[in-house]
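The structure appears below as structure tokens.
The values are calculated or read from the model by the stated rules, or taken from the named source; none is laboratory data. No experiment lies behind these values; they were computed from the predicted model shown. Please note: Cβ atoms are built from the backbone with ideal geometry, for glycine as well, and neighbour counts cover all protein chains shown. The accessibility values were calculated without ligands, DNA or RNA, using every heavy atom of the protein model including side chains. Shrake-Rupley method; radii C 1.70, N 1.55, O 1.52, S 1.80 Å.
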Amino acid sequence: MELIELEYWQLALASTLVLILAGCSWWIRLGFGRSLVIAAVRTTVQLSLIGLILEALFSVGALGWIALMGVVMVILAGREVMMRQRRRLRGGWAFGIGTSAMFVSAFTIAVMTLLIVIRPDPWYQPQYAIPLLGMMLGNTMNGIALSLDRLTDTVWRQREDIEGRLMLGQRWQEAISDIRREAMRSGMIPTINMMAAAGLVSLPGMMTGQILAGSPPALAVKYQILLMFTIAAGTGFGTMLAVTAGSYRLFDQRQRLRTDRITDPTH
């Protein structure tokens, strides 16, 4: 099957749809036109740069450079987790917890998948390692950001109720047990919805990309199923780790709720 190569003028033609949408937003005063154009420009620049980096990385194929790329991706994902939280833990804890949770969950599961399941030769072959890690981090990042945001925001809003439970003799684990569970659930909902709708409502990105590149649909389906399972595991373990670590940070050794460790966006 011949792969149809896209020209730059075709991409420019597609970009007119975004410009028309931005114009409509400005016309009816929706307020997202400028943000949409900036996001489109960022998408173009960022993807173009990563394309050049990946071409160089694929040609070299050295483990050190691939590991460095992976570490940079984890750090940037950790920053995104921090920035997406309305109320976040002070002192760099939001960044540290999110980054650590993604490293332990998404990064580890991606390496295990390469070593045990896919088994390319060498196992760190960038054609497999970088896309797998990127998709794992992207989905795990969303789950962890949602769960931490739900945790800190709910604790802040229900702080008087939590302090009342602590005064009645409950340990902090009991006082926020429901909040922790809801935070973990909120982080997993997008992944569960994605898995439930796959193949019925939507064709996932990796599967679509492989089919467009000429891979047999049956092979693309197998890779997509593998990716769905690894994403679910990475997101689930990541949200559990992040919420658990964040919960410990919200209390001190004397079982006191420390809302002073949460930033207040209104100040």
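Name the residues in segment 237-258 that are assigned to a helix (DSSP H, G or I) and either of a type in the set (Ser, Thr, Tyr) or open to solvent by less than 10 Å² (accessible area, probe 1.4 Å) (or both), would you? Listed by number, the residues that qualify are Gly238, Thr239, Ala242, Val243, Thr244, Gly246, Ser247, Tyr248.
Here is a check on your reading of the model: is Glu174 closer than 14 Å to Ser247 by Cβ, open to solvent by 60 Å² or more (accessible area, probe 1.4 Å), part of a helix (DSSP H, G or I) and among the charged types (D, E, K, R)? For Glu174, the condition - closer than 14 Å to Ser247 by Cβ, open to solvent by 60 Å² or more (accessible area, probe 1.4 Å), part of a helix (DSSP H, G or I) and among the charged types (D, E, K, R) - is met. Within segment 96-119, not a single residue is in contact (Cβ under 8 Å) with a residue 60 or more places away in the chain and either in contact with a His (Cβ under 9 Å, 6 or more places away or on another chain) or in a loop (DSSP other than H, G, I, E, B) (or both). Please specify each residue of segment 18-59 satisfying the condition of being among the polar types (S, T, N, Q) and under 24 Å from Val72 (Cβ atoms). Result: Thr43, Thr44, Gln46, Ser48, Ser59.
Let's see how each residue does on (1) within 14 Å of the chain's Cα centre (by Cα); (2) within 30 Å of Trp65 (Cα to Cα); (3) modelled with pLDDT of 90 or more:
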residue	(1), (2), (3)
Leu137	yes, yes, yes
Leu146	yes, no, yes
Glu163	no, no, yes
Arg171	no, no, yes
Ala183	no, no, yes
Ser186	yes, no, yes
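Contact annotation: residue pairs with Cβ atoms under 6 Å, 6 or more positions apart or on different chains, pairing a residue in segment 218-233 that is over 21 Å from Met102 (Cα atoms) with a partner that is of a type in the set (S, T, N, Q), are Ala220/Gln210. When the residues of segment 1-43 are filtered to those that are within 30 Å of Pro217 (Cβ to Cβ) and either among the acidic types (Asp, Glu) or within 23 Å of the chain's Cα centre (by Cα) (or both), the one that is modelled with the lowest pLDDT is Glu2. Between Asp153, Asp121, Asp161, the distinction of being open to solvent by 40 Å² or more (accessible area, probe 1.4 Å) and within 30 Å of Gln255 (Cβ to Cβ) belongs to Asp161 only. Applying the criterion of being over 30 Å from Ala14 (Cα atoms), part of a helix (DSSP H, G or I) and of a type in the set (A, V, I, L, M, F, W, C) to the residues of segment 51-68, the residue that is most open to solvent (accessible area, probe 1.4 Å) is Trp65. Within segment 39-95, being without any contact (Cβ under 8 Å) to a residue 12 or more places away in the chain, under 21 Å from Ala110 (Cβ atoms) and β-branched (Val, Ile, Thr) holds for Ile50, Val60, Val71, Val72. Of the candidates Ser25, Ser48, the single residue that is part of a helix (DSSP H, G or I) and either within 17 Å of Gly143 (Cβ to Cβ) or in contact with a Phe, Trp or Tyr (Cβ under 6 Å, 6 or more places away or on another chain) (or both) is Ser25. Taken residue by residue, segment 196-216 has no member that is touching a Ser or Thr at 6+ places or on another chain (Cβ under 6 Å), part of a helix (DSSP H, G or I) and either touching a residue at least 24 places away in the same chain (Cβ under 8 Å) or of a type in the set (Val, Ile, Thr) (or both). Among the residues of segment 9-30, is any within 30 Å of Arg157 (Cβ to Cβ), out of contact with any strand residue (DSSP E or B) (no Cβ under 6 Å at 6 or more places or on another chain) and either loosely packed, with under 14 Cβ neighbours inside 10 Å or polar (S, T, N, Q) (or both)? Yes: one or more hits.
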